[in-house]
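Engineer: Below are the structure tokens for one structure; questions will follow.
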Amino acid sequence: MVRALVQIFPHAVEVHDGADRKRRWRLKEMPVARMRLRGAEELEALEGGIAALEAQGDRREADALSSLRDRLLAALPPTAARAAEADADAMLEAHGVAARPGPFVQIDPGTADAVAQALKGPWLLRFSYSGKAREVEPYGILIGARRYLVAKQTDDGTVLRHFRLDRMTDVLPTRTPFARDPGFSLSEHAARAFGSYQAEEEYGEVVLRFSQQAADRAAEWRFHPTQSSRPLADGRLEVRFTASGWLEMAWHLLSWGDSVEVVSPEGLRRLLADPQRNGDVLP
């Protein structure tokens, strides 16, 4: 491991042979930016991440990345820093990130910080939701059109529930630890949804067929992590995956117009035919 450290950071490791015939290694303090920052490309990625988080209303994460960016820039020579910033700004404008349109839900930074503390503990989390006091075991955050806390209520520790962060008030991380379920996987749990909303009664196989004209374009999309695709004899493309969240599926499929046919489930087919029926909205 010491040999690998010297190979990776040859200018940062000092080796000393002491009078006691023992060899010692010391890692010199060096600005991270001088060791690894590769100019505008990495700064562009940071700026893009900051802009995207701000567009989603996540001030806490955006501020954390902004702090890292400022420290990296401070370690560069002024002329190099100014050039990198100019290049990054130009790329943001070119990619439409600097002023991305569209609505988003604002998340209170205090709420986001309290949830983050509880997740890192891991500690029990208390808050008010829909006028009711809750105490939960937090397991993670689902990020989509809205942000949901995945958690188990302490009065019903077997069911995973979703709580919208923008509807949580009086959020307080306790110092009470809890034992997380070692078998839980946030990525597997998230894959049960098409977007960020889950509905157990809607969970099942979804079969979509895209017209011959749209087949090549649809083949470039990843609609869901569990999807499989196959070309049909008539030139159409069939896509299958297993998930829930029909309303979010309908919102996306509307952008395909009459180029897509919902084979199943029946509930999604009816919803796509009339996406505003019964005033459906995400909870």
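Engineer: Within segment 259-276, restricting attention to residues that are outside any helix (DSSP H, G or I) and touching a helix residue (DSSP H, G or I) at 6+ places or on another chain (Cβ under 7 Å), which residue is modelled with the lowest pLDDT? Quick ask: steps written out before the conclusion?
Structural biologist: Our first condition is that a residue be outside any helix (DSSP H, G or I); within segment 259-276, this holds for 260-265, 274-276.
Right, trim to touching a helix residue (DSSP H, G or I) at 6+ places or on another chain (Cβ under 7 Å) and you get 260, 262, 275.
Working: 260: 93, 262: 94, 275: 53.
Among those residues, the one meeting the criterion is 275.
Engineer: From the residues in segment 122-133 that are surrounded by fewer than 16 Cβ atoms within 10 Å (Cβ to Cβ) and not hydrophobic (A, V, I, L, M, F, W, C), which one is modelled with the highest pLDDT?
Structural biologist: Going through segment 122-133, the residues surrounded by fewer than 16 Cβ atoms within 10 Å (Cβ to Cβ) turn out to be 128, 130-133.
Subset that is not hydrophobic (A, V, I, L, M, F, W, C): 128, 130-132.
Working: 128: 96, 130: 88, 131: 89, 132: 93.
The qualifying residue modelled with the highest pLDDT is 128.
Engineer: Now, a different point. Which condition number in (1) in a helix (DSSP H, G or I); (2) modelled with pLDDT under 80; (3) over 22 Å from residue 106 (Cβ atoms) is the one that residue 53 fails?
Structural biologist: Here residue 53 clears every test but (3).
Conditions (1) closer than 30 Å to residue 143 by Cβ; (2) at pLDDT 70 or above; (3) over 31 Å from the mean Cα position of the chain (by Cα); (4) surrounded by 13 or more Cβ atoms within 10 Å (Cβ to Cβ), marked per residue:
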{"residue": "2", "(1), (2), (3), (4)": "no, yes, yes, no"}
{"residue": "8", "(1), (2), (3), (4)": "no, yes, no, no"}
{"residue": "35", "(1), (2), (3), (4)": "no, no, no, no"}
{"residue": "69", "(1), (2), (3), (4)": "yes, yes, no, yes"}
{"residue": "80", "(1), (2), (3), (4)": "no, no, yes, yes"}
{"residue": "92", "(1), (2), (3), (4)": "yes, no, no, yes"}
{"residue": "99", "(1), (2), (3), (4)": "yes, no, no, no"}
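Engineer: Within segment 156-258, considering only helices (runs of 4 or more DSSP H) that don't extend past its boundaries, which have at least 1 residues that are hydroxyl-bearing (Ser, Thr, Tyr) and exposed (fewer than 12 other Cβ atoms within 10 Å of the Cβ)?
Structural biologist: 186-190
Engineer: Does residue 182 meet the test of being in contact with a Phe, Trp or Tyr (Cβ under 9 Å, 6 or more places away or on another chain) and either under 29 Å from residue 60 (Cα atoms) or among the small types (Gly, Ala, Ser) (or both)?
Structural biologist: no
The values are calculated or read from the model by the stated rules, or taken from the named source; none is laboratory data. Remember, predicted model here, so these are calculated numbers, not experimental data. Positions of Cβ are backbone-derived with ideal geometry, glycine not excepted, and every protein chain shown enters the neighbour counts.
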